[in-house]
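The structure under discussion appears below in the form of structure tokens.
Throughout, read-outs are computed from the coordinates displayed, never taken from laboratory work. Keep in mind it's a predicted model, so treat the numbers as computed, not measured. Every residue, glycine as well, gets a Cβ built from its backbone with ideal geometry; the counts of neighbours run over all protein chains shown.
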Ligand code: 2RA
């Protein structure tokens, strides 16, 4: 079934990628429109070889739209996603506005696609770019034994801060490499070139950053286990695109490396890289891909019930645009979009 689509936040980094991913994945588009803030309305964007004028976001723009793919700041989503849903559309929203709302499913299609049927408000939330690949990798291991606790340390790329983050990355790394004075950051909290930043996000009252708290809460919600222990440290590193994660997974019984690798090798969305062949996941492999690359699977030498692994995924694609388009595909496939 081909559907009427609106891309909201069409001129941003993720909106731009959504446009590309819709074409790449041959999403069944009947009609499509592109919406953005008043500032960007009037610009021209290209889709499937045709130019489209970007329209302003307002209630009238959602008439007859069946699926909205939205990537705006939370405040904009809080205002307009319910309006789009009231007009009859299902919204797949990239902001954090609806992620912890009990009436809005938080969906990774490889992990919990059945939750798409529970969008009571007509809004499906697209998770955080760390939680998405983490749950893609942990879900197949949950079939082997109960997962009790996850310790995750992230190595997050500059593009997590959008176009401004990338501008910092380009200008600072160029200056750093040529021995020139490194320009002050405009979006990152500290110098990124030649550095790592452990506090690149707002600090919440519990001493964890907003990002770390998202990883905890969203991972539990996606995996459907409120008792799951999740212990995060989120760090920004001077990488352009793709987030890496060092993950320690504790089970309720010993799980062998062979068992884990077999489960990961056949898991949807996972590419298992084999260190015996000299393969190990790197951001440059994941950039431009919709897969989660997993490797370095090994026993925790300090805990017989735990494994360590390393994973990498493109934060702009699987961590945002592609996951949203995959949700839209499932909404159509399951007949939820009418
Ligand atoms: C980051 N998770 O990498 C954020 C982007 N949504 O900063």
Q: Pairs of Cα atoms under 8 Å, at least six residues apart: use those to get the relative contact order of segment 187-338, whole percent.
A: 20
Q | Order by protection proxy (mean Cβ within 10 Å, highest first), peptides 292-302, 128-138 | A | 128-138, 292-302
Q: Give me the number: length gained by fully extending residue 24 to residue 289, i.e. 0.36 nm times residue separation minus the C-alpha to C-alpha distance, one decimal in nm.
A: 94.2 nm
Q. On a 0 to 90 degree scale, rounded to 10, what angle separates helix 74-86 from the longest Cα axis of the chain?
A. 60
Q.
Suppose the chain between residue 1 and residue 266 were pulled fully straight at 0.36 nm per residue; how much longer would it get relative to their current alpha carbon spacing?
A. 92.5 nm
Q. So how far apart, in nm, are the two label points at residue 117 and residue 189 if each is 7 Å from Cα heading toward Cβ?
A. 4.2
Q: Working from Cα positions, state the angle (0 to 90°, nearest 10) between the long axis of helix 322-333 and the longest principal axis of the chain.
A: 70
Q: Give the angle, between 0 and 90 degrees and rounded to the nearest 10, that separates the Cα long axis of helix 162-177 from the longest principal axis of the Cα atoms of the chain.
A: 50
Q.
Once you keep just the Cα pairs under 8 angstrom separated by 6 or more residues, what percentage relative contact order results for segment 1-84?
A. 37
Q.
Can you give me the distance in nm between label points at residue 86 and residue 37, each placed 7 Å from the Cα along the Cα-to-Cβ direction?
A. 2.3
Q) Once the Cα gyration tensor of segment 73-219 is found, what semi-axes does its equivalent ellipsoid get, as square roots of 5 times the eigenvalues, in whole Å, sorted largest first? A) 33, 21, 13
Q.
Relative contact order of segment 58-108, please, whole-number percent, based on alpha carbon pairs below 8 angstrom and at least 6 residues apart.
A. 40
Q | Packing-based ranking, highest mean first, of 56-65, 155-164 given that Cβ atoms within 10 Å are counted | A | 155-164, 56-65
Q) If you take the beta carbon distance between residue 46 and residue 204 as r and set R0 to 45 Å, what does 1/(1 + (r/R0)^6) give as a FRET efficiency, to the nearest 0.05? A) 0.65
Q: Would you mind telling me the antiparallel percentage of the DSSP bridges in segment 269-333, rounded to 5?
A: 65
Q) When you count, for each residue, the other Cβ atoms within 10 Å and take the mean per peptide, how do 268-276, 39-47 rank with the highest first? A) 268-276, 39-47
Q. What value, in deg cm²/dmol to 500, does the helix sum -39500 (n - 2.57) over DSSP H runs of n ≥ 4 give at 222 nm once divided by the residues of the chain?
A. -8500 deg cm²/dmol
Q) Which order do 153, 104 fall in if you start with the one that has the fewest other Cβ atoms within 10 Å? A) 153, 104
(Q) Suppose R0 equals 22 Å. What FRET efficiency, 1/(1 + (r/R0)^6) with r the Cβ-Cβ distance, do residue 59 and residue 336 give to the nearest 0.05? (A) 0.45
Q.
Looking at the chain only, what percent of DSSP beta bridges run antiparallel? Nearest 5 please.
A. 50
